[in-house]
Amino acid sequence: MEPVVTSSARIGDRPRPKKNYLNETKGFKSWALTVDHKRIGIMYLIGTLFAFLLGGIFALLVRLTLLTPAHKLFGLQVTAETYNRFFTLHGAIMVFLFIIPSIPGSLTNFVLPLMLGAKDVAFPRLNLASFYLWIVGAVMAISSMIIGAVDTGWTFYTPYSTTTSGTVTLMTAAVFVLGFSSIFTGLNFIATVHKLRAPGMGWFDMPLFVWGMYSTAVIQVLATPVLGITLVLLMLERVFQIGIFDSRIGGDPVLFQHFFWFYSHPAVYIMILPGMAIISELIPTFSRKTIFGYRAIAYSSISLALVSFIVWGHHMFVAGQSQLATVVFSALTFLVAIPSGVKVFNWLCTMYQGNISLEAPMLYAISFLMLFAIGGLTGIFLGTLSTDVHLTDTYFVVAHFHYVMMGSTVTAFIGGLYYWWPKMTGRMYNEKWGRVTAVIWFIGFNATFLPQFILGSRGMPRRYYNYLDQFQPLHAFSTVGSWIIGLSLFMTAAVLLASLRKPADAPDNPWGGTTLEWQTSSPPITHNFEDQPVLEHEPYDYRPKAVAH
Amino acid sequence: MDWLRAWMMPPQGSEFAKEIDFVYMALFWLSVVLFLMIAVPSVYFAWRYRYKPGRVTPHQTHNTTLEVLWSVGPLILCVGIFFWGLNGWMKYSVAPGEAMEISVTAKQWLWQFEYPDGSRTINDIHVPVNKPVKFTMTSEDVLHDFFVPDMRVKHDIIPGRYTQIWFTPTVLGPHNFTCAEYCGKDHSGMKGNLTVDNDADFAKWMETGGTEWEDYFNGKDPKKTPADWGKITYERVGCNSCHTVDGSKSKGPSWKGVYGSMVELNNGTSVLADEAYIRESMMQPQAKVVKGFDPIMPTFQGLLKPNQANGLVAYIESLK
Amino acid sequence: MEQQFDTSKLGMWLFLVTEILLFGGLFVGFGLMQHRYPQQFIEAHEHLKQDVFGRPFPLYGAINTLVLLISSWTMVMGVNAAQTDQKKKTVRYLVLTILLACVFLGIKYVEYSHKFHDGLLPGIFYAHQSEDLIKGTHGYATFFAFYFMMTGLHGIHVLVGIGLLGWLVMRARRGDFSSEYYTPVDLVGLYWHIVDMIWIYLFPLYYLIS
């Protein structure tokens, strides 16, 4: 179980470069005006992790409020209105400021051009613009919290959202701006993948991480504009009462839901595809075995992206849409389960007869397999019409989406962070403590969210401040679980930050990976590669002659 | 394993609930099996194929047979589950013709129910056992959702539209219902109690016309007197279409100052307008017709519950 | 350079796809509302027509369509001129495109002021709101809300286009473009064509239905 650190830390005989992307230029302006995808990736990482912290604090406040029916938080009474704001802000921050931008903005930005053997993304200045749009959106969102706060739920259903007081308009404007950040990032990645691959790298020679991110980018470009117009219509309805979503002035509340979910369902695939993309890298690397079913995984990524556009109505089975629509959406929803299952089986077969070491990234990857299994399987309960009637709008749904968004995507994100940490920073983190964080994460996550399935099936609705006494033990258990999650994340932050105190002497390829980012120094030089890399072998080739070290 | 089902699900209030629970438990066990099929190999492989330096891994790129199997297999399973779910859902969607219809008006943050005979309740409702009941629902303000966990039914309630759910309760006693679509501040306080009665108890409950009137007769709230209930009844039952309360002329005599006064009838005689007179006027309006008015008032025999009649008497008395 | 040109073109096309989806949402919303209030929508359409020789005819809308079509032609000519090293012609055609765009906006201004005068405004500014709500004819208000939203959003895109064209004129006069490098002209051209195309869909939807 020792880590695989090759004895020769450098590829070939090249000396470690003195200047890398981190230290080549210094000063605030060199970062604020950078067009280097790696620096932009680091800035995104810091920004989105702050958003994760903020959203996480709201989550802890939600769970603390629910610890007992008395709703006391450190001796202070939490009112229903305050609670409603807690869960709204938790959701809005996590979805729009963290999950959607984080992996594309940080890890993908850093790694994708390296994996393609390119110097940078297709539109470096647009990349920087994406980041600044994220900053603007984040500032607007945080301002809306300070000025007045929002209590509509992150889904902004009408007519409550068009008539309630609070800074709804400012928050939706913030999300609109963040949407453009997302669109430009997706646009950039699509162009990069089409045009900037290294010589010899055809579509089916690309790492699966790229396939996953390409599929994500397709959704970002196609779905986000619809969110944009939905938010504009919401703002106009709120400010000018144009009569589209509010029945009192001739509008249709269900129309809002159709518009909203037309984006937001594909959006959840913007969240999961990057997570799956990371897992497709971690598993072959730490199994030291070629990926099983490369083409199947590649095609499943694209098909998930496309099928994600035709299932939005499964959020609305009891919302008042037509019966025909309900039936069609349920049938199509089952379709979307197949590509996900295919990936999981392929990953398992990759591990079969592998040569597996359990460093922190691999522990997170194995956690992903189990947590994603639960998340995906519980989706079946919700796609099945008769059970969905009972389970929708209850804690069952809350548990399901946390298993996929957090138990899967965030697990993969943390695994990817550990995996590419040496590449990004040039430092190896403390492996023992890294593994400990993975175990605590797995325990804490399940402790928090497994009870919530039971709360839901027993009839506890979501977004509830009060609850029947019979639900208290499960709520208390879940709250304690949330503290364990907090502990794990705090430890991860400590492990990673502690590594920065060491000198930047990590090997080029600590894990023995086969993708091109490991063929350059850790951290990379500013223009990524000293010589244009040319692809010489098929992806994930672990046969002895092909392995570089 | 029924204890597991009983732990995970609410009490079963209907046959439909039993059907849903069966589907739920089947999916549960299926999920357990599939989960183990994923979790066990992942943990086992990590141990069985743990790192040994120098070991060369086989170059397995794909296996078409296996890949087809695990694509088609789950697909068939999914199609099966879809139809199974559709089956239950079709039952839920179409109410039987003989179902008793109860109107529901949801508003922030309470439930108003109205029975076919016009009686109304708030937050508290009784239905007869073993008979289908359907709820036709609308909202006065924002989205709500009527969720009865024991019956395994829910549906959103939309302003400006009517939506419907139905069920046939088979278990006597209390079953809670609650709002399941976020509607603002007191969303989690918007709940009520559905009591399933046997026929005798239900008939008794229907006689009194619901529970809304009780607060006006128990003396707890000084702002809720029987006379106030009478005023509400005056508007709801339609007395106001013919009788004013400010003395102005309408199709029927104004109630202002009537109680305890001498009333001239169309046959020339005069009577004292005491409580007996008032009650007779409601139930047998043609018996004594006031001079100058036509005998057009319909009888309210059987249309007014005792509490409504009492309330009207108290109201008329207060208009001295 | 070729790779860069191809890449930027791909980037612009991707951006234009998002624009189509943005407007697409509004088209879908309009269609659904038309389905809801068919009678009122048809009647409301009449307000967008003017009296021409005694009969209702969408004069302003038709002129605007013609204006935008010609501007797309001048744009193409501008791209062509840039591609063939004809600096003066490039500037001329770009300026013509800007002028035509201004005519478009000018006519829109006239249209809007007529509507304002008649009280046919979006949302809470709609002067006939209360009577329509009583009569149950709030389809009118919804129609005009959509009319202003869609033509307004389109107008904003025309304005942005004028800005981009102005920037191109500046660069063209500086001599930035040649057969070797005319990418910005080409890309703004693509943008302009989409703006035109969106109007081509708006025009029949709003002005020709009766």
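Looking only at region A:198-214, decide whether some residue is in contact (Cβ under 8 Å) with a residue 60 or more places away in the chain, β-branched (Val, Ile, Thr) and in a loop (DSSP other than H, G, I, E, B). Checked region A:198-214: no residue is in contact (Cβ under 8 Å) with a residue 60 or more places away in the chain, β-branched (Val, Ile, Thr) and in a loop (DSSP other than H, G, I, E, B). Considering only residues in region B:284-304 that are open to solvent by 100 Å² or more (accessible area, probe 1.4 Å), within 38 Å of the chain's Cα centre (by Cα) and modelled with pLDDT of 85 or more, the one that is farthest from B:Asp117 (Cα to Cα) turns out to be B:Ile296.
In region B:114-130, the count of residues that are open to solvent by 20 Å² or more (accessible area, probe 1.4 Å), free of Cβ contacts under 8 Å to residues at least 24 places away in the same chain, under 17 Å from B:Glu212 (Cα atoms) and not aliphatic (A, V, I, L, M) is one or more.
Identify all residues within region A:387-413 that are more than 26 Å from B:Ser93 (Cα to Cα), open to solvent by 10 Å² or more (accessible area, probe 1.4 Å) and of a type in the set (Val, Ile, Thr); write none if there are none. Answer for region A:387-413, where residues must be more than 26 Å from B:Ser93 (Cα to Cα), open to solvent by 10 Å² or more (accessible area, probe 1.4 Å) and of a type in the set (Val, Ile, Thr): just A:Val404.
Kindly indicate the residue of region B:1-47 that is open to solvent by 90 Å² or more (accessible area, probe 1.4 Å) and among the charged types (D, E, K, R) and also farthest from B:Thr178 (Cα to Cα) among those meeting that condition. Filtering first and then ranking leaves B:Asp2. The residue that is most open to solvent (accessible area, probe 1.4 Å), among those in region B:62-78 that are within 7 Å of chain A (Cβ to nearest Cβ) and closer than 24 Å to A:Gln323 by Cα, is B:Leu75. Residue check: C:Phe177 meets all listed conditions (1) modelled with pLDDT under 95; (2) assigned to a helix (DSSP H, G or I) but one, namely (2). Taken together, A:Ala59, A:Ala70, A:Ala129 contain a single residue that is in a loop (DSSP other than H, G, I, E, B) and more than 14 Å from the chain's Cα centre (by Cα), which is A:Ala70.
Among the residues of region A:294-314, is any open to solvent by less than 10 Å² (accessible area, probe 1.4 Å) and at the interface with chain B (Cβ under 8 Å from one of its Cβ atoms)?
At the first step, the residues of region A:294-314 found to be open to solvent by less than 10 Å² (accessible area, probe 1.4 Å) are A:297-298, A:300-301, A:304-305, A:308, A:311, A:313.
Those left that are additionally at the interface with chain B (Cβ under 8 Å from one of its Cβ atoms): none.
No: region A:294-314 contains no residue that is open to solvent by less than 10 Å² (accessible area, probe 1.4 Å) and at the interface with chain B (Cβ under 8 Å from one of its Cβ atoms).
B:Val142 fulfils the conditions (1) open to solvent by less than 10 Å² (accessible area, probe 1.4 Å); (2) part of a strand (DSSP E or B); (3) of a type in the set (Val, Ile, Thr); (4) farther than 21 Å from B:Ile232 by Cα except for a single criterion, (2). If you scan region B:176-188, which residues turn out to be assigned to a strand (DSSP E or B) and either among the aromatic types (Phe, Trp, Tyr) or open to solvent by less than 10 Å² (accessible area, probe 1.4 Å) (or both)? Answer for region B:176-188, where residues must be assigned to a strand (DSSP E or B) and either among the aromatic types (Phe, Trp, Tyr) or open to solvent by less than 10 Å² (accessible area, probe 1.4 Å) (or both): B:Phe177, B:Thr178, B:Cys179.
Scanning region B:189-211 for residues that are within 14 Å of chain A (Cβ to nearest Cβ), assigned to a helix (DSSP H, G or I) and among the charged types (D, E, K, R) yields nothing.
To keep it simple, each residue is scored yes or no on (1) more than 10 Å from chain A (Cβ to nearest Cβ); (2) not basic (Lys, Arg).
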{"site": "B:Phe113", "(1), (2)": "yes, yes"}
{"site": "B:Phe135", "(1), (2)": "yes, yes"}
{"site": "B:Arg152", "(1), (2)": "no, no"}
{"site": "B:Ile157", "(1), (2)": "no, yes"}
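When you scan region A:172-189, do you find a residue that is free of Cβ contacts under 8 Å to residues at least 40 places away in the same chain and in a helix (DSSP H, G or I), even just one? The answer is no, given that none of the residues of region A:172-189 is free of Cβ contacts under 8 Å to residues at least 40 places away in the same chain and in a helix (DSSP H, G or I). Of all residues in region A:243-273, exactly one satisfies the criterion of being in contact with a Pro (Cβ under 9 Å, 6 or more places away or on another chain), open to solvent by 10 Å² or more (accessible area, probe 1.4 Å) and either more than 11 Å from every other protein chain (Cβ to nearest Cβ) or assigned to a loop (DSSP other than H, G, I, E, B) (or both), namely A:Asp246. Within the option set A:Leu335, A:Leu282, being touching a Gly at 6+ places or on another chain (Cβ under 6 Å) and aliphatic (A, V, I, L, M) holds for one residue only, A:Leu282.
Out of C:Tyr37, C:Tyr112, I need the residue that is more than 14 Å from chain A (Cβ to nearest Cβ), of a type in the set (Phe, Trp, Tyr) and under 25 Å from A:Gly250 (Cβ atoms). Which one? Quick ask: steps written out before the conclusion?
Values: C:Tyr37 fails: more than 14 Å from chain A (Cβ to nearest Cβ).
Result: C:Tyr112 is the single residue among C:Tyr37, C:Tyr112 that is more than 14 Å from chain A (Cβ to nearest Cβ), of a type in the set (Phe, Trp, Tyr) and under 25 Å from A:Gly250 (Cβ atoms).
Could you tell me whether A:Phe86 is open to solvent by 20 Å² or more (accessible area, probe 1.4 Å), in a helix (DSSP H, G or I) and touching a Leu at 6+ places or on another chain (Cβ under 8 Å)?
On the way: open to solvent by 20 Å² or more (accessible area, probe 1.4 Å): yes; in a helix (DSSP H, G or I): yes; touching a Leu at 6+ places or on another chain (Cβ under 8 Å): yes.
Yes, satisfied.
When you go through A:Ala319, A:Ala337 one by one, which is the residue that is open to solvent by 30 Å² or more (accessible area, probe 1.4 Å), touching a residue at least 12 places away in the same chain (Cβ under 8 Å), closer than 20 Å to A:Val398 by Cα and within 11 Å of another protein chain (Cβ to nearest Cβ)?
Numbers: A:Ala319 fails: open to solvent by 30 Å² or more (accessible area, probe 1.4 Å).
Going through A:Ala319, A:Ala337 in turn, the sole match is A:Ala337.
Note on region B:80-97: residues that are within 7 Å of chain A (Cβ to nearest Cβ), open to solvent by 20 Å² or more (accessible area, probe 1.4 Å) and among the aliphatic types (A, V, I, L, M) total 1.
Identify all residues within region B:74-93 that are touching a residue at least 60 places away in the same chain (Cβ under 8 Å) and within 24 Å of B:Val127 (Cα to Cα); write none if there are none. Talk me through it step by step, then tell me what you get.
In the first step, residues of region B:74-93 are kept if they are touching a residue at least 60 places away in the same chain (Cβ under 8 Å); the result is B:84-85, B:88, B:91-92.
Once the filter is applied, which keeps residues that are touching a residue at least 60 places away in the same chain (Cβ under 8 Å) and within 24 Å of B:Val127 (Cα to Cα), region B:74-93 yields B:Gly88, B:Lys91, B:Tyr92.
Taking the options A:Val193, A:Val175, A:Val136, name whichever one is at pLDDT 95 or above and surrounded by fewer than 20 Cβ atoms within 10 Å (Cβ to Cβ). Steps first, please.
Numbers: A:Val193 fails: surrounded by fewer than 20 Cβ atoms within 10 Å (Cβ to Cβ); A:Val175 fails: surrounded by fewer than 20 Cβ atoms within 10 Å (Cβ to Cβ).
None of the others qualify; the one that does is A:Val136.
Yes or no, residue by residue, for (1) in contact (Cβ under 8 Å) with a residue 24 or more places away in the chain; (2) open to solvent by 10 Å² or more (accessible area, probe 1.4 Å); (3) over 30 Å from A:Phe209 (Cα atoms); (4) more than 24 Å from the chain's Cα centre (by Cα):
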position: A:Asp469; (1), (2), (3), (4): yes, yes, yes, yes
position: A:Pro473; (1), (2), (3), (4): no, yes, yes, yes
position: A:Ala476; (1), (2), (3), (4): yes, yes, yes, yes
position: A:Thr479; (1), (2), (3), (4): yes, no, yes, no
position: A:Gly486; (1), (2), (3), (4): yes, yes, no, no
position: A:Leu497; (1), (2), (3), (4): no, yes, no, no
position: A:Asp508; (1), (2), (3), (4): yes, no, no, yes
position: A:Trp511; (1), (2), (3), (4): yes, no, no, no
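The residue that is farthest from C:Gly24 (Cα to Cα), counting only those in region C:139-182 that are open to solvent by less than 20 Å² (accessible area, probe 1.4 Å) and polar (S, T, N, Q), is C:Thr142.
Go through A:Ile103, A:Ile40, A:Ile46 for me and flag whichever is open to solvent by 60 Å² or more (accessible area, probe 1.4 Å) and either within 29 Å of A:Ser478 (Cβ to Cβ) or modelled with pLDDT of 95 or more (or both). Spell out the reasoning first.
Working: A:Ile103 fails: open to solvent by 60 Å² or more (accessible area, probe 1.4 Å); A:Ile40 fails: open to solvent by 60 Å² or more (accessible area, probe 1.4 Å).
That would be A:Ile46, the only listed residue that is open to solvent by 60 Å² or more (accessible area, probe 1.4 Å) and either within 29 Å of A:Ser478 (Cβ to Cβ) or modelled with pLDDT of 95 or more (or both).
Of the residues A:Leu222, A:Leu236, A:Leu227, A:Leu231, the single one that is part of a helix (DSSP H, G or I), open to solvent by 10 Å² or more (accessible area, probe 1.4 Å), away from chain B (no Cβ under 14 Å) and within 23 Å of B:Val142 (Cβ to Cβ) is A:Leu236.
The values are calculated or read from the model by the stated rules, or taken from the named source; none is laboratory data. Note that the coordinates shown come from a computational prediction; the quantities given were computed from them, not determined experimentally. Counting neighbours? That spans all protein chains shown, and the Cβs are built from the backbone with ideal geometry, glycine included. All accessible areas refer to the heavy atoms of the entire protein, side chains included, with ligands and DNA or RNA removed. Shrake-Rupley method; radii C 1.70, N 1.55, O 1.52, S 1.80 Å.
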